[in-house]
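See below for the structure under consideration.
The values are calculated or read from the model by the stated rules, or taken from the named source; none is laboratory data. In this text the structure is predicted, and so the values were computed from the model without any measurement. Cβ sites come from the backbone with ideal geometry, for glycine too, and all protein chains shown count toward neighbours. Accessible surface is based on the protein model in full, side chains and every heavy atom, while ligands, DNA and RNA are left aside. Shrake-Rupley method; radii C 1.70, N 1.55, O 1.52, S 1.80 Å.
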Amino acid sequence: MDPNPTNFPILSYVMSKLPSIGRKTAAPDEFDIEQPQNLPQPPPEPHFDITERMPHLTDPKVINAMQSAVADVSQTRSMLKTLGERPFHELVDTAKVKLAEIEAELSKRLEELVLSPRPPEMERQDWRSDLAVKEDECRKAVEKEKEEYKALIALDELHEAYEKMLKDAEQRLEKIYETAVAGGDVESIEQASGSELKEEVNEEVIGILQEALGKSVERVDLSGRQLRILPEAFGKLRSLIMLNLSNNQLTVIPDSIASLENLEELHLSSNLLESLPDSIGLLFSLKILDISGNKLVTLPDSICHCRSLVELDAGFNKLSYLPTNIGYELVNLKRLSLSFNKLRSLPTSVGEMKSLRLLDVHFNELHGLPRSFGNLTNLEILNLSNNFSDLTKLPDTIGDLINLKELDLSNNQIHELPDTISRLDNLTVLKLDENPLVIPPKEVVVEGVEAVKAYMIKRRLDILLAEEPQIMLEEMGQTPTGLVTRSTSWLSGAVSNIFGTVAGYLGGEAKSDADHYLNQQL
């Protein structure tokens, strides 16, 4: 839960120098309290050149002025360490849905109670008291049912608040440092509120706007202009089809962009955007959206309404999750690039992106893939590389990606490939470097993708034949001969496509040898 030095360099430095901020014990975060003799010194700090770039950080006065700015951060960090990791976004959304369902059910029950007829033998006062008791019991039962979901949502909100606190603290520390460099009173920053610098709109942008307003301009390229502000007036260029604002210094996109009803391409890469406006969901004609190389932490749920999207590049950001319903809405998406983010999971709805041809999620923190992933039957290129220690296995449904041509699984912690990978008849590129693979073994992997398929087919056959036939007979009610025939029939197509490879792997010299071996097994 410590601040990342890359994202919060000053805050990380100050907290490493002041480990007792917000704590009264002797640096419990720095060593094992049960074995202090083994770690008498704090672990080495991550190396970053913050003091080389900011030499004033070694000034005790500056450090002391920063102390109060990180006190709350330190206390919250301690609490988050106890609570653990942030829950997956899809779980949080599910919890919110469950809460809404529970509330709706409660309203229904209470309405039934109120409308229920009074028994003739019961006095009106007694009947009302009885209703009040039943209502109270109903509410208590519902509150108990809601506790689990509320706790999950509260934990997520706590993590979100902590992230905001880190960002605010870093900004405060920057102001303190800038004041120290300018020779001002660093302690006065604590009382002063940050004032926004008024930016002037680029003259070139004004000229383009004035010219475009008198014409039906369809394409505007303002890339690499060091722009800090995009005027609201851009929303008046309704004839625009392509707008390129990449390689600038934009921190905000105005809501007026929603007025560009004919816009098909929007390029916002390499800016300083931390969020996108909700109004982006009104760009119903948008086909290409490039938001790579920004500081985006989330995508607005409204982006799901851009149903015409064919390409979406959100790489090189800080995304930790995707909108839960993104797959249900962006059904026309063909290329989705999410590399270099912090995604821990993909929503179940991603399996509904039936048009997807390319999916790139390398350099993330994926813990796995949803089983619905197998529904992406048009997927041709899948890059899951460099998820490192987080990605340890693949779902069996990956074998349903019948059009997959390239699969990159390098630099993960996968020990075993699913047997179903042998069904990927169109797979020609399979990268498995830097995985602790046991199945298939390395000597098979080095032989190439066809050798891997052959190995997995043989392994599946061996497993089927080793299973206890009596148990399967009881479950399926078939004769032994019929059972084996049924169990292995799905393999015949795959085997026929790669008989030559199977023969080579098993040591056979010709197709007839492979046939003979497999016929024995089948």
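Among 74, 216, what's the order by accessible area (1.4 angstrom probe), most exposed first? Working shown, then result.
Working: 74 0, 216 100 Å².
The ranking, largest first, comes out as 216, 74.
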Violations at 24 Å Cα threshold for listed pairs 98/144; 236/287; 96/334; 393/458 -> 96/334
Simple spin-label estimate for residue 434/residue 139, 7 Å along Cα→Cβ, in nm, reads 5.8
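How many percent of the alpha carbon pairs in the stretch 217-272 exceed a separation of 18 Å?
The share of Cα pairs beyond 18 Å in the stretch 217-272 comes to 24 percent.
Express the relative contact order of the stretch 225-379 as a whole percentage, based on alpha carbon pairs under 8 Å and six or more residues apart in sequence. Don't skip to the answer; put the middle values down first.
Values: 433 pairs, mean separation 22.6, N = 155.
Reported as a whole number, the value is 15 percent.
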SASA check, residue 58, accessible area w/ 1.4 Å probe, all protein chains in place, rounded to nearest 10 Å², comes out at 90
Computed D for the stretch 256-373, Stokes-Einstein, Kirkwood radius over alpha-carbon pairs, 10 °C, 1.306 mPa s, to the nearest µm² per second, is 113
